1. In the P(r) worked out for the stretch 9-135, what percent of Cα pairs fall beyond 25 Å?
2. Could you do me a favour and compute the accessible area per residue for the chain, 1.4 Å probe, result in Å²?
3. I need the phi-derived Karplus couplings for the stretch 398-409: 6.51 cos²θ - 1.76 cosθ + 1.60, θ = phi - 60°, integer Hz, Gly and Pro marked x.
4. Using only the alpha-carbon atoms of the stretch 210-321, report the extent along each of the three principal axes, biggest first, to the nearest angstrom.
5. By how many nm would the segment from Ser275 to His246 grow when fully extended, if each residue of separation counts as 0.36 nm and the alpha-carbon distance is taken off?
6. Please give me the summed charge of the neighbours of Arg61: other residues whose Cβ is under 13 Å from its Cβ, Lys and Arg +1, Asp and Glu -1.
7. What's the magnitude of the charge dipole for the stretch 216-325 around its Cα centre, counting Lys and Arg as +1 and Asp and Glu as -1 at the beta-carbon? Answer in Debye, nearest 20.
8. Which value in nm describes the separation of the simple spin-label points at Ser94 and Lys516, placed 7 Å from the Cα toward the beta carbon?
Amino acid sequence: MADPVFPHQFSRAGNTTHTGEVFSIPQEEQLAYGTAGFRFRAEKLPFIVFRCAYVASLRARQLDSAIGVMITASHNPAADNGVKLVDPSGDMLSQQWEKYATEIVNATDEDLPSAVRALEKQMSQVEKSRISSGQTKNARVVCGMDTRISGPHLMSAARAGSALFNVQFVDVGIVTTPMLHYTVKSFNEPEFAEPTNQGYYRAISSAFRELYGITQEPEGSRYQPHVIVDCANGVGAPRLREFLEHIPRDMLEIELRNERGELNHDCGADFVKISQKMPTEFRNSEEGKEGKCVSFDGDADRILYFRGKGAESGDSESVELFDGDRIAVLFAMYLKEQLDEFAAIKTNYRLTMGIIQTAYANGASTRFIRDSLKIETVIVPTGVKHLHEAASEFDVGIYFEANGHGTVVFSEQFNSAIRRAPSSIMCIRRLALFSRVINETVGDAFADLMAIEMCLRHFGWSMDDWNQKLYSDVPNIQIKVPVDDRSIFKTTNAEQTLLKPDGIQKRIDEDVAKFKSSRAFIRPSGTENIVRIYAEADTVENTLLLGKSLEQVVLSIRSA
Ligand code: 16G
Ligand code: ZN
């Protein structure tokens, strides 16, 4: 086949932005597929999206499947944008292909055909002959975007990238990141769900309504079904409104805020987690101790619960957070109760359950999971792909980052034992329905919201109960330190120990030893040119002192 022709407006030199200007990217500038794909100021993206869609079309042909392209910069400011690819199962792109994507994006126009040929060389004989005989009718690039102003132009760049090999292009418009993941899986597994927005809404909401129907609130329940959602002024707002048309108001009463203002500005899950403050449009006087509030991020793949500290606290802005760790524990308690009942029934199956966290997990949550729930925990490096992979080792793998990104994944053994089992037994029905409410492909704010409310209702819990019946968070702090070159920081032990620069870990250990019940680590960010410090100690004051002294350690290296 002749080498394709690359349109000049999607080349490095001619890269044309959504405002029609040319923003060229020097050839020497190396671009990398990071923790969550390529993410930059939107001006840089047309060329990158074009090349990524091209990579997606190559992968789609190789596997004769749908591959996803999501155009979003999640919780970043509105002026940024980004692109990430989704594999046929709806999971994140395989790490091998992240490498190919990086190579293809960085190849010069002249080198590109040979880079592609090198990539094609690693395909199996079956794949090659399928492609050469044109048996690629299921190959599709399925592309979605968030609400950013640069989105439609980037969508046209993706369309152009997929057109090089005439791969079918499906523009699903403005969707949340998890909806795109779900739709890709639905294209490849038609029995899973219809590959449309309505198909996604119907699949999750019908499982929710059915689970609601069989859930009985315990006597004296303090559960309340009123939830106020901070939509981060992002894509969560319009899509959640559509989704809620499938949820009767007498089951859940959901009020939406921050629907049309500036994306992620003074609102959204990242803002609430880092500032620990009320997002805009929320007031402590109204949403104080009694309130049940939720915050999504800009592309609705993260969720956090929060409430005000109450008027009597004298602090009108601060919030009490119910973060990813607390959500993971809630899911674990619900699922463990069902799995214990299942184990008591005579069955050939033994299902394993584990919880995956990162080093940012609050120490109190990890202790509670191990000591009180007696469930195995695994700590992995930051980034959803690491959590997802580790969770897949269990029959029921729960994973959450403290920042609110998480879900539950279920094994083939779970499917045989539960989803295909007769559902006259209550624990089996609950497990089967819960697994259908959840979006297994990736953390999903909508699906998680439904699953959390279901668990709270099952236990009859108010926000107070959810807070007090588990554990109390130990005081913790996060500090960012800008650095010139973050690559000099090398970690091991799931990012909890620094190997380089030499001698730095010893200084961290000495500082940590000065405080009671303390823990700390320093790691380079995977998304920004900064180093992040995390510290915990017995009191707020000591946490602050420890954090500050570790900041000095980083600053002394920076100036050395
Ligand atoms: C990305 C990751 C998120 C992680 C964050 C950490 C995905 C989909 N997203 O947003 O999981 O918490 O990066 O950033 O993997 P950092 O490396 O700058 O701390
Ligand atoms: Zn996000």
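1. Numbers: 2030 of 8001 pairs.
More than 25 Å apart: 25 percent of the Cα pairs in the stretch 9-135.
2. Working: 22590 Å² over 560 residues.
Averaged over the residues of the chain, the accessible area is 40 Å².
3. With coefficients 6.51, -1.76 and 1.60, one gets 9, 10, 8, 8, 4, 6, x, 8, x, 6, 10, 10 Hz.
4. Principal-axis extents of the Cα atoms in the stretch 210-321, largest first: 39, 34, 19 Å.
5. Values: separation 29, 0.36 × 29 = 10.44 nm, distance 3.39 nm.
Difference between extended and current length: 7.1 nm.
6. Working: positive: Arg59, Lys128, Arg130, Lys137, Arg140; negative: Asp64, Glu120, Glu127.
Spelling it out: positives minus negatives among the neighbours equals +2.
7. On the way: 14 positive and 25 negative charges, 15 e Å.
Using only the charged Cβ atoms, the result is roughly 80 debye.
8. Here the modelled spin labels are 5.3 nm apart.
The values are calculated or read from the model by the stated rules, or taken from the named source; none is laboratory data. This structure is a prediction, so every number in the text was calculated from the model and none was measured. As a convention, Cβ positions derive from the backbone with ideal geometry for all residues, glycine included, and neighbour counts pool all protein chains shown. Protein only, heavy atoms only, side chains kept; ligands, DNA and RNA dropped before computing areas. Shrake-Rupley method; radii C 1.70, N 1.55, O 1.52, S 1.80 Å.
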